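In what follows, a single structure is set out as structure tokens and then discussed.
Read-outs: derived from the displayed coordinates by stated rules, not from any lab. The structure displayed is predicted, hence computed values, not measured ones. Positions of Cβ are generated from backbone atoms using ideal geometry, with glycine treated the same way; all protein chains shown enter the neighbour counts.
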Amino acid sequence: MRLSPLDPLGFFFTAGIAAAHLAAGRYEEAQVVAARFGFDELPTPGGASGLCSDKALRAASRYLLRQSPKKVVQALDGAIESSQERGLAHRSVELLLIRALANKQAGEIASALTDLHHALTLAAPRQYLRVFLDEGAELGSLIDRLDLERLGSSPAVPLARRLQQARRKTGDQGRSTPSSPSEQLTRREVSILKRLESGLSNKEIAEAIFLSEGTLKWHLHNVYSKLNVKNRSGAMARARTLGIV
């Protein structure tokens, strides 16, 4: 039976879980979540707009990358143009990366590299690094194919070089993320992790750092996944072992 989240916070959280399963290669789990909550179909063009629609498009696009890459490319064209017109740099970068992966899956390598270059150009002055690392090995193999000499003085070059160097440093072509759990955590996630020591509830922590409780839960889901733990007490124990708190 297909369900729909009852509120936007639940919707974002569920879409995030589906994306996390895909990024980790857990395709069967992602399939269950996608089918149950409607992320296994691309949103209808001209349908509802807003944050939920944007999130649904990204979740469905990631899920359908392997099955229908050309449809994903077509679906993302308008969304990328709209995000750029609205000055939504981070969202534009994320959509460009998804389209790059879709083009790669469709065998359109030149188009994939063009999308990657465009994303790097937008991301470089804003120091967006995590969004590239989170895409994993599939994007990493595209990053390796960038010819930095041919890019010349492009603003994308410094960030592309950092990503290529990070991949060579880890020597792990299966993942493009740092090897240490403490390095995988974002600054926001470390900040939240440190606040767990206070004993405050999720709601109280969320209010203290001006987040919704649903957004905080999504950050905690990411923290637990990166630290390979299942709950708050496990996260704190792991964080102390790693010297994070």
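Of all lysines in the structure, the ones whose alpha carbon falls short of 22 Å from that of LYS217, not counting any fewer than 8 places away in one chain, are LYS55, LYS194, LYS203, LYS226, LYS230.
A full extension of the chain between HIS90 and ALA208 corresponds to an added length of 40.0 nm, given 0.36 nm per residue minus the alpha carbon distance. Extension gain for GLN127 to SER233 (0.36 nm times residue separation, less C-alpha to C-alpha distance): 34.9 nm.
Between the beta carbons of THR114 and LYS169, assuming R0 = 30 Å, the FRET efficiency works out to 0.65 to the nearest 0.05. Distance from the Cα centroid of the range 117-136 to that of the range 179-245 is 24 Å (rounded to whole angstrom).
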